[in-house]
Amino acid sequence: MNGQEITKKMGEYIRMNMLESEKSAGAMEEYIKHSDLNAGGNNYTRTLQIPKIYDMETINHFSGIVETTYGIFEKVIGEYLKNKEYRKLFPFSKELEELILLPVGYEEMVPVCRIDIFYNEETRDFKFCEFNTDGTSAMNENKVLDDILYMNNAWNHFKEEVQPERFELLDSWVDAFMKTYRSGKNAVEKPYVAIVDFLDKAYLNEFYVFEKHFKAKGIDAEVCDIRKMVYRDGRLYTPKGHAVDAIYRRAVTSDVVKFHDEIPDFLQAVRDEKVCLIGAFRTQIVHHKCICEVLVHPMTKGILTDEENHFIEEHLPKTMKLDDISEKDREAMLYEDKERWIIKPVDSYAAKGVYAGVDYSHKEWHRIVGGCLNQDYIVQEYCPPYRTENISFDMKPYEFKLYSNLTGLYTYNGKFQGVYSRMSDGGIISTQYNEKTVASRYLK
C-alpha cells in the first residue's frame, strides 16, 4: 500500500469503529494536554485522527525541492554580501544591513530552515508558501505526535502491515548545529551552547527539549533570555554566569531589530566575533517576504541558471507590494476577485496578520485591505491548498471533512530532514486559524 491507500483505509476503519475512535482520540488529546505540547491552559496542540504517510518517491521529490531551493538561497545571499547594488533590492534598514554583513566564521548560509509548500499529492506539483529560518520550530511537536500514534486505534490496525519510518528532527539538528559550529574558525572542543530568544515570546517547552538533547550528546547547553546576557572581558555570559561559545538563535530577526536597545551585550559580542552565532543575520535575506519579489528580479535571474529560473517561475506565487497597487487596480484585482489573493506583513512569523480573501465577505475584505495600507504588506497570489479527508473528535457532531494541507520541509545545512504536516478547514493554515497538526511518516 502507498500513503494515499493507507489514508483511505484508515478512514474506512474509523467510520466502522466510531466509538472506539472517539475513545482513541480522547486518550491522545489527554496525553497532549499533559505533555510538552501544552503551552499553558487551553493553548495546546490540536491533531486529527489520520496521520500523513509519504512514499519514497515523494520523499525523493521533497529532497530535490530542498536541494534546488537551497542552492538558490546560497546564490542570493552570496550576491547580497558582495554586491552593493543588489542590496538595494531589499528594504532593510542601515542597522539591519550592518548585522547581515557581519563576518560569520563558517560557510553554511542557512543552517536551519523550513520551506513551507502547498503540495499536491496527486500531481506532485507545488507552490511555495514561505521560508522560515532561525525561528523554525515544531520539531518536538512532530516527535510527540509521532510518539502517541500507538494510542491511535486505526493506526494500530495497519501499522504492522505497512511499518512506516519516523522522521528524526531533534538529535539530527544538534548534529547539524555542531557540524556548522566545528567548521568555524574559532571552534573549541567542548563548547557551551546558549539557546536564545526573547523568552516571553518563545515556544519555551521546545527550547528545554533541545537543551536536553544537547546535554545528552555531551554538549553543555542553557536556555537564555537574549536580554539578560552579559558581555564582559571579551566573553558573552548567560544569566547563570557561563561563558558562551555558540548560540542557537531562535530569536527572529524582526524582534532583534525591534528590541535592539534591550540587547546591547548580545549584539556587541556578535560584532566582535566573540561568539559563534548560528544562524547569522544573513538568514534574514531569504526569510523576509521581499524575497518573493527579489527572486524574479532581472538581477537575480542573471545569477541563476535557466533551470533555477524556470523552477522559480513554476513554483513561486505572484507577489507585489500592497501599497504599489493603485486604487483602481485594487478595486479590480483585489476586491472584485478577492478569492485569488492573500495579504501578508513583509516580516512576520506564526502567520500573524495574514488574511486570505477567500475567508471573508466583500465588506470585511474591503475593511481588512484598507487597514493594511501603509503597513508594509504584500499581496500574494492565493494558492488553493491540496485537500484531504480527515476527522477531528474535539467537537460534536463528529464528521469527516476536507482539510487544506500545508507541508513543511525541514532543512538542516541544506539537506532535507523531515516533514511538518499541518491542516485546517479554513483558507489559512495557522494556529490562529483552526490549525491541526498531524504526525508524519514515510514508507521505505
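The values are calculated or read from the model by the stated rules, or taken from the named source; none is laboratory data. Predicted model, so just to flag it, every value in this text is computed and none were measured. FYI the Cβ positions are ideal-geometry reconstructions off the backbone, even for glycines, and counts take in every protein chain you see.
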Note to self: For region 295-321, which positions are of a type in the set (Ser, Thr, Tyr) and in a strand (DSSP E or B)?
What the structure shows: Thr319
Notebook entry, point to check: Of the residues that sit in region 213-241 and are more than 25 Å from Met139 (Cα to Cα) and of a type outside the set (D, E, K, R), which one is surrounded by the most Cβ atoms within 10 Å (Cβ to Cβ)?
Noted result: Leu236
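Okay, residues lined up against (1) under 30 Å from Asn60 (Cα atoms); (2) in contact (Cβ under 8 Å) with a residue 12 or more places away in the chain:
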site	(1), (2)
Val76	yes, yes
Val104	no, yes
Val110	yes, yes
Thr123	yes, no
Note to self: Yes or no: region 18-28 includes at least one residue that is under 23 Å from the mean Cα position of the chain (by Cα) and buried (at least 17 other Cβ atoms within 10 Å of the Cβ).
What the structure shows: no
Notebook entry, point to check: When both residues are 6+ apart or on different chains and their Cβ atoms are under 7 Å apart, which pairs have a first residue that lies in region 310-326 and is surrounded by 11 or more Cβ atoms within 10 Å (Cβ to Cβ), and a second that is at pLDDT 85 or above and hydroxyl-bearing (Ser, Thr, Tyr)?
Noted result: Phe311/Thr68; Leu322/Tyr377
Check: Looking at this structure, is Thr431 out of contact with any helix residue (DSSP H, G or I) (no Cβ under 9 Å at 6 or more places or on another chain) and either surrounded by fewer than 23 Cβ atoms within 10 Å (Cβ to Cβ) or modelled with pLDDT of 95 or more (or both)?
Finding: yes
Item checked: Top-ranked residue in region 256-294 [being in contact with a Pro (Cβ under 9 Å, 6 or more places away or on another chain) and in a strand (DSSP E or B); ranked as nearest to Ala187 (Cα to Cα)] -> Cys276
Check: Does Gly408 fit the bill of being without any contact (Cβ under 8 Å) to a residue 40 or more places away in the chain and either outside any strand (DSSP E or B) or surrounded by 20 or more Cβ atoms within 10 Å (Cβ to Cβ) (or both)?
Finding: no
Next item on the list: Check whether at least one residue in region 385-393 is touching a Pro at 6+ places or on another chain (Cβ under 9 Å), more than 15 Å from Glu141 (Cα to Cα), surrounded by 15 or more Cβ atoms within 10 Å (Cβ to Cβ) and of a type outside the set (Ser, Thr, Tyr), and report yes or no.
Entry: no
